[in-house]
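Student: The structure under discussion is supplied below as structure tokens; questions concerning it will follow.
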Amino acid sequence: MNYEAGKYDVVVIGAGHAGCEAALASARMGCSTLLVTLSVENIALMPCNPSIGGPAKAQLVREIDALGGEMGINIDKANIQIRLINTGKGPAVQSLRAQADKHEYGREMIKTILGQKGLHLLMAEVEEIETVDEKVNAIVTRTGARYQCQNVVITTGTYLKGRIIAGEVMYDGGPGNQFPAVKLADSLRAMGIRLGRFKTGTPPRVDRKSVNFSKTIEMPGDIQPWRFSYISPQPVREQLSCWLTHSTPETHRIVMDNIERAPLFTGVIKGKGPRYCPSFEDKVVRFAHKSSHQLFIEPEGRDTDEMYIQGLNTSLPEDVQVQVLHSIPGMEEVRMIRTGYAIEYDYVIPSQAKLSLESKMVEGLFTAGQINGTSGYEEAAAQGLIAGINAALKVQAREPFILKRSEAYIGVMIDDLITKESDEPYRLLTSRAEYRLLLRQDNADLRLTEKGRQIGLVDDFRWAIFTEKKKSLAEGTHLLHKTTFTPADKDVDKYLTSKEGAPLRDKTSLWEMLRRTEVKIEDYLNQGWLPPFQPEILEQMEIQAKYEGYINKQQEQVQRFERMESKRIPEDIDYNQVYSLSNESVQRLNEIRPQSLGHASRIAGVSPADINILLIYLAKRRN
Amino acid sequence: MFREDIAALSTPPGEGGIGIIRVSGKGIIDKISKIFIPFSAQEIGQRRGFSLNLGWIIDDDGSKVDEVLLGIMRAPHSYTGEDVIEINCHGGSMPIRRCLQRCLDVGIKLAEPGEFTKRAYLNGRLDLTQAEAVIDIIRAKTDRGLKLAVQQLEGPSHFIAEIEDQLLRVNAMLEASLDFPEEVGDLDYAETKAILLTIKKLMDKLIRAGQRSEIYRDGLKAVICGKPNVGKSSLLNALVKKEKAIVTEIPGTTRDVVEDYINIRGIPVRIMDTAGIRQTEDIVEKIGVEKTREVIEQADLILFVLDAGTGIDKEDMDIFQEVDQSRLIVMVNKEDLERKEISEEKLAELFRDIPVIRASVQKSIGIEALEEAVESRVIQGMLPGDGMEIMINLRQKNALIRSREQVESALITLGQVPLDCLGVDIGGALETMGEISGRTLKDEVIDRIFHDFCIGK
Ligand SMILES: Cc1cc2nc3c(=O)[nH]c(=O)nc-3n(C[C@H](O)[C@H](O)[C@H](O)COP(=O)(O)OP(=O)(O)OC[C@H]3O[C@@H](n4cnc5c(N)ncnc54)[C@H](O)[C@@H]3O)c2cc1C
Ligand SMILES: Nc1nc2c(ncn2[C@@H]2O[C@H](COP(=O)(O)OP(=O)(O)OP(=O)(O)O)[C@@H](O)[C@H]2O)c(=O)[nH]1
Ligand SMILES: [Mg+2]
């Protein structure tokens, strides 16, 4: 028997990385919000690698932060190590990466959720979403509670019809031996939503006390204290190390000897797994000529001895996993705490959503995170934030919030998800972004904080820090442009000679001089040419000056891109009525229902001729 | 509504005569005035709509490309509703293409198929009821154009495929090192440089082949030269199969350039007979000789005629020294004469790598051999040994040239700028290449990364 349990503006199903952001955003925007999850202990769980950030992902975290999301702040509270990677490769791809303390990460997130005004937490399994006239009306839990709501954000990750596989052992389950969600998948199917099936996997965990670290290489964190969030306090914590080891020919022999017991090769696993995160057995088979693969041993937290083996993700039988571990230098006598496994799960084919992440079919139904066929904590969190914002905006009868490909990695990701069909879990890469030089982790706040403020997610504290930074940046930039030297200035001449640079030829500003590779902005401070500024301001000015040429080039490309993006296609367009479109196009356009001509042009199967025809059709319609 | 200025040939390029280049867009008057010098004192910027202006299209060094008649139609009273200029060229298909190239040089883009009509419609210049007819045109032109382009590419497709493949490879190397630093490590600069150089070489080759395919489309300029009375005019007449030029036994008969169009084994040839070159005091003949020199300078191919009866003398040798030997075919005429003064040894010694044909125009001997020599000169001779039977059109050539610019820029900046900046050029080169085959190559980079590298921690 169901009972009436309450009424909310927005209900978020799932408290993973997507769900937490969605619920917090919705509540912070003033909507009464219910967050339902299978297990309160496992809120913001990291079922796989204990790490956040890296190329493209760090940019995402910064963007989430700039918009007023939680992930950046939370990882700053709960890390054991943060490093800046890709340092020599340019400002666009430099990115922070943190090793997370998994337990602390979850605990900190629970605190924030419970402390959030307007947000209620509920431990339950949602089994059904009720609709009326293709509009969301209520959700029902396994225990019979019925909550009325017009907007639901589903962020159930890998739980839908989850199935765990390790060698010959198989059972229905969610990650980390939790329950799978079976009924909810059926409820979605019943609404006419198409689901697909993907696979992912995780490595075994071992006991720190049984590792012989003398046979491994220590990888310490950076001395410099980094932080993800623009508003976190300066970090002061001790950094823990990771360790590097590698597989051996013996390891590979063990894998090959047991390959007929590997579910990946016996056909047991049908879901498609991500190529960027292959299982170890896959690597051994596909790259047979490599006699060794890198493996990182990473602590799962400060208060645990569990260690994660990065690179050893596998669904081989448990006895083989133990043999494999013992063949690795430093792990000859290691004790396994958790077995590695693969998980297959249902996901919602994402082209059924709009750019706002609302379903095209069912009004008020939003999906975000791994359920949309993505993978990764950061990808999930970013979608959760956008879905939460758009659910709240819908409650408030405001326009949906959509970021363009030229504005944010979030825009690139969602546009890709909705436009391009992918036959593997989607992960963001910097190479997916056309305007990478503009979408840097160092300028995410400059790109997005104002937007976050308009939405209502950027609070006064963040806003004050941001406006102060902008002011300071404007001052510094002005000074760099205003201060000029001539070839006659002895100081500069001496400085440039000491840097083995050519002498000045004409009157040159500090800004122009920064373009030279040998010139560093810190030198200006030492020379007394520039008063002190915050390190972030100096970094920002240096990047803007040094890469001005390339940045301008990309900005021109963006202008061209945005012209097509701004040509909107009305929602009620009937492609069957558009004269002379090719059949394939009509079908693809009907499926995706692009929101602009630019969007349409990215759909596979829509030709330049079709775009011209649409252009003409739209002009005709306007007349 | 449209920011770009566009230009296109609006008469089919072909048998010489008049051709029209149509230019449309907001900024065209400024741009065209950079390459047009009017005969009248008034700049075209000051002219009103519906004016005609005689003048010269000039090269970037100021030299004249062609004498043209320029029609200006100001917005909105034009076919497209924008400012439109029509350039009427006179000088045959080569000058038309040169004029079009000049338009592109000053930043006007080559129009898409059907683009003028599209603009006309969108700017409200065409009747609404015509809309669907217009769409048919665009559909047909674009799709057929694409198909044609693809068909045309059958020839060079393996070259294009090779360039694409190498570009994908180098892009994957770069992107993998950026997105998967821990697995892939740093970019291998030496290998990157080697690949970029390979790509550049392939592009050079294709672009050169493109120049040759222009010859197929637009004709080869061939000039007949030699000292007086060797039988130049006779040869012209034999080739065009009519009495086009006057033939007499008096040396110095021909005083001006006489020209006609013929077709040699499918290659359109603009053939020119000239005044015999010699020292002379005759004013008319002197001007003729000057003109001959000018024509030789611009020719793609030079048919150098000798007289078997007179032998090779100083006059012949002076001419031989003067002309570009790489464009030369030697024809020894009057082989029918009893007394021949030119020995095999002499020819072999003088014209080592140059094709030599022995002929008698009067007896119709050697004409076929000459045609063969012309053909093989076009197919192989101009591009020694690359054996590429390739047709690429101006659009493809432009894309190749733009892509090559980016490859060159990457070669210059390699090691000087960080990898993300390098990616702007390397990625740009790939994207521009994609315009040729109509593919979004960028999407294939990620597949390539997983193919070439062992990714995954
Ligand atoms: C075994 C494994 C290996 C992985 N490996 C990698 C990797 O190597 N690299 C990588 O980038 N990513 C990996 N991931 C993916 C990464 O963990 C996820 O992308 C990310 O956690 C997804 O976040 P989410 O918020 O979408 O879902 P989750 O974090 O999975 O959260 C789902 C939430 O929904 C709740 N829920 C589910 N169903 C219901 C229901 N019916 N009612 C109420 N609540 C419900 C659950 O309790 C949970 O809180 C892996 C995941 C797993 C499980
Ligand atoms: N025997 C012989 N006479 C030829 C042949 N070809 C041309 N002649 C003669 O050579 C003379 C010159 O011929 P043209 O064709 O006028 O020579 P040209 O080179 O044009 O002379 P200019 O215009 O004066 O420079 C004419 O009397 C021709 O009849 C040939 O193959 N054999
Ligand atoms: Mg003559």
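All of the numbers you see were taken from the coordinates with simple rules; none came from a lab. Worth saying up front: this structure is predicted, and the values here are computed from it rather than measured. Note: ideal-geometry Cβ built from the backbone for every residue, glycine included; neighbour counts use all protein chains shown.
Student: If you take every residue apart from A:GLN239 with its C-beta less than 10 Å away from the C-beta of A:GLN239, what net charge results, scoring Lys and Arg +1 and Asp and Glu -1? Present the calculation step by step, with values, prior to reporting the outcome.
Tutor: Details: positive: A:ARG83, A:ARG237; negative: A:ASP222, A:GLU238.
Net charge around A:GLN239: 0.
Student: Counting only DSSP beta bridges with both residues in segment B:220-379, tell me the antiparallel percent, nearest 5.
Tutor: Details: 8 of 26 bridges.
Of all bridge pairs located within segment B:220-379, approximately 30 percent are antiparallel.
Student: Provide A:TYR377, A:TYR276, A:TYR8 in ascending order of the number of other Cβ atoms located within 10 Å of each residue's Cβ, fewest first. Don't skip to the end; give the middle numbers.
Tutor: Values: A:TYR377 28, A:TYR276 20, A:TYR8 25.
Taking fewest neighbouring Cβ atoms as first place, the list is A:TYR276, A:TYR8, A:TYR377.
Student: What is the Cα centroid distance between segment A:362-435 and segment B:259-330, reported in whole angstrom?
Tutor: So the two Cα centres are separated by 71 Å.
Student: Further, regarding this structure: What FRET efficiency, computed as 1/(1 + (r/R0)^6) with R0 = 60 Å and r the Cβ-Cβ distance, is obtained for A:LEU84 and B:GLU375, rounded to the nearest 0.05? Walk me through the numbers before you get to the answer.
Tutor: On the way: r = 64 Å, r/R0 = 1.07.
Efficiency, rounded to the nearest 0.05: 0.40.
Student: While we're looking at this one, here's another question. How far apart, in nm, are two points set 7 Å out from the Cα along the Cα-to-Cβ line at A:ASN137 and at A:THR266?
Tutor: 4.7
Student: Past 22 Å, Cα to Cα: identify those pairs from B:LYS244/B:LYS291; A:LYS360/A:LYS394; B:LYS242/B:LYS363; A:LYS89/B:LYS200; A:LYS89/B:LYS205; A:LYS499/A:LYS546, in the order given.
Tutor: Working: B:LYS244/B:LYS291 19 Å; A:LYS360/A:LYS394 14 Å; B:LYS242/B:LYS363 15 Å; A:LYS89/B:LYS200 24 Å; A:LYS89/B:LYS205 33 Å; A:LYS499/A:LYS546 17 Å.
Checking Cα-Cα distances, A:LYS89/B:LYS200; A:LYS89/B:LYS205 exceed 22 Å.
Student: Please figure out what share of the DSSP beta bridges in segment A:23-141 is antiparallel and state it in percent, rounded to the nearest 5. If you can, show how the numbers build up before the last one.
Tutor: Working: 15 of 20 bridges.
If I count the DSSP bridges inside segment A:23-141, around 75 percent turn out antiparallel.
Student: Related question: Could you give the dipole magnitude of segment B:220-379 about its Cα centre, charging the beta-carbon of Lys and Arg +1 and that of Asp and Glu -1, in debye to the nearest 20?
Tutor: Working: 23 positive and 32 negative charges, 76 e Å.
Dipole about the Cα centre, nearest 20: 360 debye.
Student: Placing +1 on the Cβ of each Lys and Arg and -1 on the Cβ of each Asp and Glu in the protein assembly as shown, which of A:PHE280, B:GLY434, A:LEU428 has its Cα farthest towards the positive end of the resulting dipole?
Tutor: A:LEU428
Student: With +1 assigned to the C-beta of every Lys and Arg and -1 to the C-beta of every Asp and Glu, and no other charges, what is the dipole magnitude of chain A about the Cα centre in debye, to the nearest 20?
Tutor: The dipole of chain A has a size of about 1220 debye.
Student: Residue farthest toward the positive end of the dipole of chain A, with Cβ of Lys/Arg at +1 and Asp/Glu at -1: which of A:PRO531, A:THR202, A:ILE573?
Tutor: A:ILE573
Student: Also, I was wondering about something else. Fewest Cβ neighbours within 10 Å first, please rank A:ARG83, B:ARG48 accordingly. Provide the component values of the computation, followed by the final result.
Tutor: On the way: A:ARG83 20, B:ARG48 7.
So the ranking, lowest neighbour count to highest, is B:ARG48, A:ARG83.
Student: Turning to a different aspect of this structure: Loop only by DSSP, 15 or fewer other Cβ within 10 Å of the Cβ. Give me the trypsin sites (Lys or Arg not before Pro) in segment A:477-510 that pass, ordered by residue number.
Tutor: Numbers: sites: A:LYS482, A:LYS490, A:LYS494, A:LYS499, A:ARG505, A:LYS507; in loops: A:LYS499, A:ARG505, A:LYS507.
Filter output for segment A:477-510: A:LYS499, A:ARG505, A:LYS507.
Student: What is the Cα centroid distance between segment A:227-266 and segment A:176-215, reported in whole angstrom?
Tutor: 17
Student: Can you bin segment A:567-622 into rounded, prolate or oblate? Criterion: square roots of the alpha carbon gyration tensor eigenvalues sorted a ≥ b ≥ c, rounded for a/c under 1.5, prolate for a/b above b/c, oblate for the rest. Kindly include the intermediate steps, with their values, before the conclusion.
Tutor: Working: a/c = 1.30, a/b = 1.20, b/c = 1.09.
Rounded, because the longest to shortest axis ratio a/c is under 1.5.
Student: When DSSP assigns beta bridges and you keep just the ones with both residues in the protein assembly as shown, what percent turn out antiparallel, to the nearest 5?
Tutor: Values: 89 of 133 bridges.
That works out to approximately 65 percent antiparallel.
Student: Then there is this: Measuring from centroid to centroid over Cα atoms, what is the spacing of segment A:551-570 and segment A:47-110 in Å?
Tutor: What the calculation gives is 30 Å, centre to centre.
Student: Treating the beta-carbon of each Lys and Arg as +1 and of each Asp and Glu as -1, no other charges, what is the dipole magnitude of segment A:144-275 about its Cα centre, to the nearest 20 debye? Display every interim value, and only then the final one.
Tutor: Numbers: 19 positive and 10 negative charges, 122 e Å.
Dipole magnitude for segment A:144-275 comes out near 580 debye.
Student: Too long at a 18 Å Cα-Cα cut-off: which of A:LYS482/A:LYS507; A:LYS77/A:LYS471; A:LYS567/A:LYS620; A:LYS620/B:LYS118?
Tutor: Numbers: A:LYS482/A:LYS507 12 Å; A:LYS77/A:LYS471 28 Å; A:LYS567/A:LYS620 14 Å; A:LYS620/B:LYS118 12 Å.
Long pairs (Cα-Cα over 18 Å): A:LYS77/A:LYS471.
Student: Still on this structure, please answer the following. Which far-off residues, 5 or more places away or on another chain, put their amide H under 5 Å from the one on B:ASP59, with H placed in the peptide plane?
Tutor: It is B:LYS64, B:VAL65, by chain and number.
Student: Residue-wise, which Karplus ³J(HN,Hα) couplings in Hz belong to segment A:372-380, taking 6.51 cos²θ - 1.76 cosθ + 1.60, θ = phi - 60°, and x for glycine or proline?
Tutor: For segment A:372-380, the Karplus curve yields 8, x, 9, 8, x, 5, 5, 4, 5 Hz.
Student: If you add up the charges near A:LYS520, with Lys and Arg at +1 and Asp and Glu at -1, over every other residue whose beta carbon is less than 15 angstrom from its beta carbon, what do you get?
Tutor: -3
Student: Just want the ordering: A:PHE198, A:PHE366, B:PHE50, from fewest to most Cβ atoms lying within 10 Å of their own Cβ. Please report the intermediate quantities before stating the final value.
Tutor: Values: A:PHE198 23, A:PHE366 29, B:PHE50 11.
Arranged by neighbour count, lowest to highest, A:PHE198, A:PHE366, B:PHE50 become B:PHE50, A:PHE198, A:PHE366.
Student: Among all the lysines, which ones have a C-alpha under 19 Å from A:LYS469's C-alpha, if same-chain residues fewer than 8 places away are not counted?
Tutor: Within the straight-line cut-off, A:LYS469 pairs with A:LYS451.
Student: Also: Run the helix sum for chain A: -39,500 (n - 2.57) per DSSP H stretch of 4+ residues, divided by residue count, reported at 222 nm to the nearest 500 deg cm²/dmol.
Tutor: On the way: 21 runs with 225 residues, N = 623.
Here the helix-only value at 222 nm equals -11000 deg cm²/dmol.
Student: Can I ask one more? Which one, B:VAL284, B:LEU220, B:ILE329, is farthest towards the positive end of the dipole of segment B:220-379 when Lys and Arg carry +1 and Asp and Glu -1 on their Cβ?
Tutor: The one lying farthest along the dipole's positive direction is B:LEU220.
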